[in-house]
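Enquirer: Got a structure for you, written out below as structure tokens; questions coming shortly.
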């Protein structure tokens, strides 16, 4: 029987296949959401391209809180309904997961994932939880306990902590716009654009970049000083937030960073003594304790698909 695994983000939709004998994702394909009006359309394209006669199970990791059988995406005007998908596409079983819940399941096979070491621990601890967090279209985190339980969160919607004049400036601007300033208003693709625009404005310069991709590329290549500063500031805030979440959850088995904008800033995040690591360790009396948390950067876009496969495997074992 064929199973379809799906990682549905705000920007892209990634699919893969698995079967009962091997839940590892295969035949991976990526589609731009902008080219489709509904999730049903993009799923239909993938099924036809793979020449699938019958789908036994569909597992969808999506960027939204998962409640009930009908889900509306947070960052795209799409609605997914289990009954409609079953009726129109003939799918027998459908499972909806929060995208970070899928990332949590992927950590059960962490050794099979591609990642780079950002921070090595001073002391190797055994048996602690794993934490995955990251910035892409939005921001969130999830915890995998030593017993294999996946503990979900909506961390991106918690209030941003501010420490610097730039933090407070951004906070004021977002409070005016939205009534409050959440973490993912800053730690997201749109957030780095806001940081860049604020830096340009503070220096009485016209912003010449409009997208997170342009800013990350110019910053990493040092072709624009304001993009470079925006990347540093974003990495600083990400490091501070990762450190805060580490103190809340004590992930001695590792912190795994993910997300498109996070990976795009690999240079800044992996820089020894750089803005990310300096901010991560800057926890006052807990500074020395922070060195006990290993930090890794997941380096591919297919991690959530592994998580979908592991989730389905766990369902088949119960």
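Enquirer: With a/c under 1.5 counting as rounded, go ahead and sort the stretch 191-318 into rounded, prolate or oblate using the C-alpha gyration tensor (a ≥ b ≥ c being the square roots of the eigenvalues; past the cut-off, prolate if a/b is larger than b/c, else oblate). Please report the intermediate quantities before stating the final value.
Expert: Numbers: a/c = 2.74, a/b = 1.46, b/c = 1.87.
Oblate, because a/c is 1.5 or more while a/b does not exceed b/c.
Enquirer: While we're here: Looking at the stretch 2-99 only, what percent of DSSP beta bridges run antiparallel? Nearest 5 please. Could you put the intermediate results ahead of the total?
Expert: Numbers: 16 of 29 bridges.
For the stretch 2-99, the DSSP antiparallel bridge percentage is about 55.
Enquirer: Rounded to the nearest 0.05, what FRET efficiency is calculated for residue 51 and residue 79 with R0 set to 22 Å and r the Cβ-Cβ distance?
Expert: On the way: r = 28 Å, r/R0 = 1.25.
Result of the calculation: an efficiency of 0.20.
Enquirer: Taking only C-alpha pairs under 8 Å that are 6+ residues apart, what is the relative contact order of the chain in percent? Intermediate results must be reported in sequence, preceding the final value.
Expert: Details: 624 pairs, mean separation 66.4, N = 318.
Relative CO of the chain lands at 21 percent.
Enquirer: Moving on to the next point. Which of the three applies to the stretch 248-318, rounded, prolate or oblate, going by the alpha-carbon gyration tensor with a ≥ b ≥ c and a/c under 1.5 meaning rounded? Walk me through the numbers before you get to the answer.
Expert: Working: a/c = 4.04, a/b = 1.63, b/c = 2.47.
Taking the square roots of the gyration eigenvalues as a ≥ b ≥ c, the stretch 248-318 is oblate.
Enquirer: If packing is taken as the average count of other Cβ atoms within 10 Å, what order do 207-218, 133-144, 160-171 fall into, highest mean first? Write out the running numbers ahead of the final one.
Expert: Details: 207-218: 18.2, 133-144: 26.0, 160-171: 15.9.
Averaged packing, sorted descending, gives the order 133-144, 207-218, 160-171.
Enquirer: With the contact rule set at Cα under 8 Å and sequence spacing of 6 or more, what percent relative contact order holds for the stretch 120-267?
Expert: On the way: 223 pairs, mean separation 47.0, N = 148.
This gives 32 percent for the stretch 120-267.
Enquirer: Ranking request for peptides 273-280, 49-56, 257-264: highest mean number of other beta-carbon atoms within 10 Å first, then the rest in descending order. The partial results should precede the final answer.
Expert: Details: 273-280: 20.2, 49-56: 13.2, 257-264: 24.1.
Taking the mean over residues of other Cβ atoms within 10 Å, the ranking is 257-264, 273-280, 49-56.
Enquirer: For the Cα atoms of the chain, what angle does the longest principal axis make with the long axis of helix 303-316, in degrees from 0 to 90, nearest 10?
Expert: Compared with the principal axis, the helix lies near 40 degrees.
Enquirer: Below 8 Å between Cα atoms, with a sequence gap of 6+, how large is the relative contact order for the stretch 1-115 in percent? It would help to have the intermediate numbers written out before the result.
Expert: Values: 187 pairs, mean separation 29.3, N = 115.
Averaging sequence separation for qualifying contacts and normalising by length gives 25 percent for the stretch 1-115.
Enquirer: May I ask for the percentage of alpha-carbon pairs in the stretch 123-171 that lie more than 15 Å from each other? Kindly include the intermediate steps, with their values, before the conclusion.
Expert: Numbers: 722 of 1176 pairs.
Here the tail beyond 15 Å accounts for 61 percent of pairs.
Enquirer: Could I ask something else about it? When a/c is below 1.5 the answer is rounded, else prolate if a/b is larger than b/c, else oblate, so apply that to the stretch 115-299 with a ≥ b ≥ c taken from the square roots of the Cα gyration tensor eigenvalues. If you can, show how the numbers build up before the last one.
Expert: Details: a/c = 1.90, a/b = 1.60, b/c = 1.19.
It comes out prolate by the Cα gyration axes.
Enquirer: Once both labels are modelled 7 Å past Cα along the beta-carbon direction, what's the residue 271-residue 151 spacing in nm?
Expert: About 3.4 nm separates the two model spin labels.
Enquirer: Treat the count of other C-beta atoms within 10 Å as a stand-in for reagent exposure and order 76, 185, 267, 206 from fewest to most.
Expert: Values: 76 20, 185 23, 267 15, 206 7.
So the ranking, lowest neighbour count to highest, is 206, 267, 76, 185.
Enquirer: Given the -39500 (n - 2.57) contribution per DSSP H run of 4+ residues, what per-residue ellipticity at 222 nm results for the chain, rounded to the nearest 500 deg cm²/dmol?
Expert: On the way: 13 runs with 127 residues, N = 318.
Taking each H run of at least 4 residues, the total per residue is -11500 deg cm²/dmol.
Enquirer: Could you give the length gained by full extension between residue 250 and residue 205, i.e. 0.36 nm per residue of separation minus their alpha carbon distance, to one decimal place? Mind dumping the intermediate values first?
Expert: On the way: separation 45, 0.36 × 45 = 16.20 nm, distance 4.23 nm.
Result: 12.0 nm gained on full extension.
Enquirer: Rounding to the nearest 10 and keeping the result within 0 to 90°, find how far the Cα-based axis of helix 39-49 lies from the longest principal axis of the chain.
Expert: 60 degrees
Enquirer: Quick check on packing: order 122-130, 225-233 by the mean number of other C-beta atoms within 10 Å, highest mean leading.
Expert: Descending packing order for the listed peptides: 225-233, 122-130.
Enquirer: On to the next question. Label points 7 Å out from Cα along the Cβ direction at residue 26 and residue 217: separation in nm?
Expert: 3.5 nm
Enquirer: With each pseudo-label sitting 7 Å past Cα toward Cβ, what's the residue 41-residue 93 distance in nm, one decimal?
Expert: Between residue 41 and residue 93, the simple spin-label model gives 3.1 nm.
Enquirer: Can you give the angle from 0 to 90° between the axis of helix 225-249 and the longest principal axis of the chain, with both taken from C-alpha atoms, to the nearest 10?
Expert: 70 degrees
Enquirer: Write down the percent of antiparallel bridges among all DSSP beta bridges whose residues are both part of the chain, to the nearest 5. Walk me through the intermediate numbers first.
Expert: On the way: 30 of 50 bridges.
Expressed as a percentage, antiparallel bridges in the chain total about 60.
Laboratory data are not the source of any read-out in this text; all were calculated from the coordinates shown. Not measured: the values here are computed from a predicted model. Heads up, the Cβs are rebuilt from the backbone with ideal geometry, glycines too, and the neighbour counts pull from every protein chain shown.
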